[in-house]
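*Asks:* Dumping the structure here so I can ask a few things about it.
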Amino acid sequence: MLERTEEQPLSFLAKLSGFVSRKRAPAHVPDGMRIYAIGDIHGCSEQLDRLMAKIREDQGADGPEPWLVFLGDYVDRGPDSKGVIERLLTVPMGFNQVCLLGNHDQTLLDFLGDSTVYRSWRGFGAPETLLSYGVLPPRFDDEREFETAQTQLARALPQSHLVFLRGLQNSVAIGGYFFVHAGARPGIALDKQVPQDMLWIRDEFLGSNYSFGKVIIHGHTPVPEAVRRANRIGVDTGAYATGRLTAAVLEGENCRFLSTC
């Protein structure tokens with residue numbers, strides 16, 4: 001359940017600066033729970049398998065109740081988008097799982113509804129995704145070729161994959177954390193955030209010290225190593241380019257990281 005941040009009275013200087021520093025207790029997850037928040041996979045099924053092996057080892061047989069929260073962008077760029085979704089369709093035994101929507105996942109859905117979306121999609125991973133489903137990417141900027149690829153993808157995409165993609169949610173709040181693909185717009189309550197920002201926002205969010213009332217756990221913007229700030233934790237470590245897929249491990253008030261390399 002999303003919680004709205006309570007507004008606090010602003011001093012005159014705080015109003016001028018647009019920023020209020022608030023002292024608050026460290027973010028935490030409910031007692032008896034451990035969360036693994038996993039960054040952008042981007043078609044890297046091999047890295048996903050390796051990270052899941054580390055997560056199972058980390059969890060052990062008697063750890064707290066484990067939750068997997070995948071932060072979106074399962075397709076594009078890497079070689080095996082189909083394999084990634086196939087893996088996510090089966091929740092590992094003993095784990096709870098939440099899968100969020102990423103901008104790349106949404107773009108695939110958009111292409112299925114409008115073949116001309118390929119013009120923008122092809123520059124950030126469409127060919128790799130099509131090939132993973134056995135569809136040849138369009139060779140030219142030709143709307144007839146776009147339509148052919150759209151038709152072939154619609155036929156090749158298993159119904160279970162389509163249901164999975166259409167069922168992805170934009171965000172989830174657990175304890176003192178708010179999980180979302182890209183981030184949140186400063187100054188807007190978390191329950192008022194719009195999908196466009198949750199899928200695409202970058203600079204306005206990444207450069208802000210705004211306190212949202214919860215710590216934002218996000219992917220979307222690749223970094224060499226996971227980033228931890230007072231108001232956010234970023235775990236997209238560019239798996240398709242670096243081979244490093246990362247999970248933030250949240251338990252009580254603690255945060256640590258697991259990665260494939």
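Read the figures in this text as sums done on the coordinates, not as results from a lab. Please read all numbers here as calculations on a predicted model, not as lab measurements. Note that each Cβ is placed from the backbone with ideal geometry, even for glycine, and that neighbours are counted across all protein chains shown.
*Asks:* Go through region 60-80 and give me each residue that's surrounded by fewer than 19 Cβ atoms within 10 Å (Cβ to Cβ) and outside any strand (DSSP E or B).
*Replies:* Selection gives 60, 61, 62, 63, 64, 79.
*Asks:* Select from region 43-59 the residues that are in contact (Cβ under 8 Å) with a residue 40 or more places away in the chain, more than 24 Å from residue 178 (Cα to Cα) and under 18 Å from the mean Cα position of the chain (by Cα) and write down the one among them that is surrounded by the fewest Cβ atoms within 10 Å (Cβ to Cβ).
*Replies:* Among those that are in contact (Cβ under 8 Å) with a residue 40 or more places away in the chain, more than 24 Å from residue 178 (Cα to Cα) and under 18 Å from the mean Cα position of the chain (by Cα), it is 45.
*Asks:* If you check residue 83 against the conditions, is it in a helix (DSSP H, G or I), buried (at least 17 other Cβ atoms within 10 Å of the Cβ) and touching a residue at least 40 places away in the same chain (Cβ under 8 Å)?
*Replies:* Working: in a helix (DSSP H, G or I): yes; buried (at least 17 other Cβ atoms within 10 Å of the Cβ): yes; touching a residue at least 40 places away in the same chain (Cβ under 8 Å): yes.
When the stated conditions are applied, residue 83 passes them.
*Asks:* Here's a follow-up. Considering each of 242, 246, 237 in turn, give the residue that is over 14 Å from the mean Cα position of the chain (by Cα) and at negative phi. It would help to see each step written out before you state the result.
*Replies:* Numbers: 246 fails: over 14 Å from the mean Cα position of the chain (by Cα); 237 fails: over 14 Å from the mean Cα position of the chain (by Cα).
The unique qualifying residue is 242.
*Asks:* Next question. Between residues in region 169-190 that are at positive phi and residues that are among the hydroxyl-bearing types (Ser, Thr, Tyr) and part of a loop (DSSP other than H, G, I, E, B), which pairs lie under 7 Å by C-beta distance while being six or more apart or on different chains?
*Replies:* Final answer for the pair search is 187/210.
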